[in-house]
Amino acid sequence: MTKTTLSIMLAGFMLLASGCAYIANSPGTKPSVTPPKLVSPPGQKQFWNNAKLFGPVPEIYQNEGDKECAAQGNGKAIGYHPNPKDYYGKYFGKRGYLCAFH
């Protein structure tokens, strides 16, 4: 492979691995039976494994979700799941929100 091809492939991989590509995903029509899971270890920028596992944010939780997302520097809540999992595969025991990145 040429250096140009490798550079293009590397740039594409970096975009897919970053939040830029993640924002292209949107929540599903309702929270999935399969819970979303964080795929980044604690102490790093946290990302969910699949945005489609979230449903729309119920109106009664929008303010809570927006505050949680804003506290993490991630904009506002655009998705909701009642029972997500952490990086280690354990349930949070609280609601999870998919955030829209700035």
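Bear in mind these aren't lab numbers, they're just calculated from the coordinates by the rules spelled out. Every value quoted in this text rests on a predicted model; they were computed, and no experiment measured them. Glycine gets a Cβ as well: all are built from the backbone with ideal geometry, and neighbour counts include every protein chain shown.
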Q) Considering only DSSP states other than H, G, I, E and B, which trypsin sites (Lys or Arg not before Pro) in segment 38-102 qualify as loop sites with at most 12 other Cβ atoms within 10 Å? A) Lys45, Lys90, Lys94
Q | Reach of Lys37 by Cα under 28 Å, taken over lysines that are not fewer than 8 positions away in the same chain | A | Lys45, Lys52, Lys67, Lys76, Lys85, Lys90, Lys94
Q. Rounded to the nearest 20 Debye, what is the dipole magnitude of segment 28-102 about its Cα centre when Lys and Arg each give +1 and Asp and Glu each give -1 at the C-beta?
A. 220 debye
Q: Report the label-to-label distance for Phe47 and Glu59 in nanometres (one decimal), using points 7 Å from each Cα along the Cα→Cβ vector.
A: 3.5 nm
Q: Lys and Arg at +1, Asp and Glu at -1: add these up for the other residues within a Cβ distance under 10 Å of Cys99 and post the number.
A: -1
Q.
What does the charge count around Val33 come to, taking other residues whose C-beta lies under 15 Å from its C-beta (Lys +1, Arg +1, Asp -1, Glu -1)?
A. +4
**Q.** Convex hull volume per residue for segment 28-96, taking Cα atoms only, in Å³
**A.** 82 Å³
